Amino acid sequence: MSKYYLGLDQGTTGVTALLFDRKFHPIGRGYCEIDQYYPAPGLVEHDPKNIWQSVCVATAEAMGMASAVSSDIISIGIDHEGESVVLWDRDTGEPVYPAIVWQDRRTAQRCEELDQKYGELFRGRTYLTPDSYFSAAKIEWILKNVPQATELCRSGRLMAGNMDAWITWNMTGHRTHATDASTASRTMLYDIVKGEWDSEICGLLGIDLAILPEVGDSTREFGLADPDVFLGISAPITALLNDQQAALLGQGCVERGMLKTTYGTGCFMLMNTGASPIRSQNGLLTTVAWQTAGERSYALDGGIYIAGAATQWLRDGIGIIKSAKESGPLALSVKDNGGVYFVPAFSGLAAPHWDSYAAGMMIGITGGTTRAHIVRATSESIAYQVADLADAMERDSSVEIRGMRCDGGAAGDKFLMQFQADMLGMPLEVPSFTDATALGSALASAMTLGYIDMAFARDLPRDSKLYEPKMSADEREELLHNWHCAVERAKQWNKK
């Protein structure tokens, strides 16, 4: 009898593969980094083939740790980095251009034009305001700038999709071209109420519906893995989810009003809003949480472009730390931030500001500023951004947030989590098992097979550390006031 559910989390900087036993205890874990390319300021790309290779490497490592063989896999659940897109040749399997990553800002001006002319159309159908964050303008850009894409489209050989479609197509031996409603809701091409690709919007952008993946339930059978291309595994792929929605499920936030925040490359807060979408009035996104048996659940989403990536920049960009693990101890080595505030707007600002032209900025530097102050200001910037999102989410949902579940790599930073609790003025629950995203995709895959249900995900035991707020309200308000002043100075810097 097969033993393990495979949860695959394809993130922006790497792929995590986890094997869970039938009680959802983690048995084996693998990880493989994904290469990042920055061909010009504001441009971010992946090699799609590198992503597929990383899926295989991470899975092999997880199986090795668990001493598992290919026949041990019950089912496969896949989540992915979200709005990043790739276009490829149906016949050869070759990408026509590198994957354009969600952080990429090359289409900022085009999205501004779309907002001015058709903003109400997009908001009315997709619940999204045109922004280069989403997939639609990325696909349009490739179609307009890569001659091979146009030629393949004319001949019926072009395929397009987010990373879930690309991984699934490869994993099934080029047999399945599909996505789910949670991913489709991030493209700016999907009618969030009707639950289908919007033909008028696709036509407006010159996107042929035929190149897009078939869209439907998050929990269904998407085909069998091809053993000849995927490590001898022939298990069914039974779940596809956007990564943050997978984390929402992995944290057990399956009921209206439940909230989680994932601290990764970016930082993403989702609140389950149940069966009805809420149209945000405070700069948040309305998204599909998941779709099962044709019924959609929705969420409010606040995304921060740069969170863990800011710490990565300290290490790789300017070299003031050698490892992300140094960040917390260095931040704690000084009593405060020394008046330094860092706005990590490397790719503009997302919710609730939505400023594609904002630039990264550090302010308050004096002759007394030390390396520790800069590191602390970088960690604090993550907490300030999350506090802004929580405030917007409370106003949109009219639900008082009393606590938050946290996951992702940076959730292991004790300084950050305590400072976050202080900035929110509420307790944080941090499970000792922080791979909630891969867990969510594995849980969803088991739901498709009828082995578990949503209540199981909600009630799954989670050994958690609780961080209670300790800071006074006056100190919190002063810090947030200074942060907001810094943000205003960073806005519109790159506006031509």
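Values quoted throughout were computed directly from the atomic coordinates according to the rules given, and no laboratory measurement underlies them. Note that this is a predicted model, so its numbers are computed, not measured. We place every Cβ from the backbone using ideal geometry, glycine too, and count neighbours over all the protein chains shown.
Tabulate in residue order the Karplus-calculated ³J(HN,Hα) for the stretch 73-80, using 6.51 cos²θ - 1.76 cosθ + 1.60 with θ = phi - 60°, rounded to whole Hz; enter x for Gly and Pro.
Karplus-based 3J(HN,Hα) across the stretch 73-80 equals 7, 6, 7, 10, x, 10, 10, 8 Hz.
About the Cα centre of the stretch 4-245, how large is the charge dipole given +1 on each Lys and Arg Cβ and -1 on each Asp and Glu Cβ? Please answer in debye to the nearest 20.
On the way: 19 positive and 35 negative charges, 19 e Å.
My answer is approximately 80 debye.
Give me PHE24, PHE230 sorted ascending by neighbouring Cβ count inside 10 Å, so fewest comes first. It would help to have the intermediate numbers written out before the result.
Working: PHE24 21, PHE230 25.
Ordered by Cβ neighbours within 10 Å, fewest first: PHE24, PHE230.
Would you pull out the residues with amide H under 5 Å of GLU196's amide H, same chain only if 5 or more places away, H placed 1.01 Å from N?
ASP191
Can you return the lysines within cross-link range of LYS491? Criterion is Cα-Cα under 26 Å, with same-chain partners fewer than 8 residues away left out.
LYS117, LYS138
What are the ³J(HN,Hα) couplings of the stretch 298-303, residue after residue, when phi is run through the Karplus curve with 6.51, -1.76, 1.60 and θ = phi - 60°? Round to Hz, x for glycine and proline.
In residue order, the calculated couplings are 10, 8, 8, 10, x, x Hz.
Principal axes first, then extents: for the Cα atoms of the chain, list largest minus smallest coordinate on each axis, whole Å, largest first.
Its Cα atoms span 61, 52, 43 Å along the three principal axes.
Over the chain, what is the mean sequence separation of C-alpha contacts under 8 Å (at least six apart), divided by residue count, expressed as relative contact order in percent? Walk me through the intermediate numbers first.
Values: 1152 pairs, mean separation 72.0, N = 496.
Dividing the mean separation by the residue count of the chain yields 15 percent.
Can you run phi through the Karplus equation (6.51, -1.76, 1.60; θ = phi - 60°) for the stretch 180-186 and list ³J(HN,Hα) in whole Hz, with x for Gly and Pro?
10, 5, 5, 6, 4, 5, 9
If the chain between MET361 and SER398 were fully stretched, how many nm would it gain, using 0.36 nm times the residue separation less the Cα-Cα distance?
Numbers: separation 37, 0.36 × 37 = 13.32 nm, distance 3.30 nm.
Using 0.36 nm per residue and subtracting the Cα-Cα distance, I get 10.0 nm.
On a C-alpha basis, how far is the centre of the stretch 329-393 from the centre of the stretch 13-50 in Å? Whole number, if you could?
26
Going by amide H atoms built from the backbone, whose H comes under 5 Å of the H on TYR37, apart from near neighbours?
HN-HN under 5 Å from TYR37: GLU45.
Test of understanding: ordering PHE456, PHE222, PHE20 by Cβ neighbours within 10 Å, fewest first, what list do you get? It would help to have the intermediate numbers written out before the result.
Working: PHE456 15, PHE222 29, PHE20 24.
Ascending number of Cβ neighbours within 10 Å: PHE456, PHE20, PHE222.
When ARG106, ARG458 are ordered from fewest to most other Cβ atoms inside 10 Å of their Cβ, what list results? Before the final figure, lay out the partial values.
Working: ARG106 19, ARG458 14.
Ranked by crowding around the Cβ, least crowded first: ARG458, ARG106.
Can you give the calculated 222 nm mean residue ellipticity of the chain, where each DSSP H run of n ≥ 4 adds -39,500 (n - 2.57) and the sum is split over every residue, rounded to the nearest 500 deg cm²/dmol? Spell out each step's value before the answer.
Working: 15 runs with 173 residues, N = 496.
Using -39500 (n - 2.57) per qualifying helix, the result is -10500 deg cm²/dmol.
If amide H atoms are built 1.01 Å from N in the plane of the peptide, which residues on other chains or at least 5 residues away come under 5 Å of the amide H of MET361?
Amide H to amide H, under 5 Å and 5 or more residues apart or across chains, MET361 pairs with VAL343, ALA345.
At 20 Å minimum axial length over the Cα atoms and a Kyte-Doolittle cut of -0.5, report the qualifying DSSP H helices in the chain, or say none. The partial results should precede the final answer.
Numbers: long enough: 48-66 (28 Å, 0.40); 108-126 (21 Å, -1.39); 371-397 (40 Å, -0.30); 473-490 (26 Å, -0.98).
Membrane-span-like by this rule: 48-66, 371-397.
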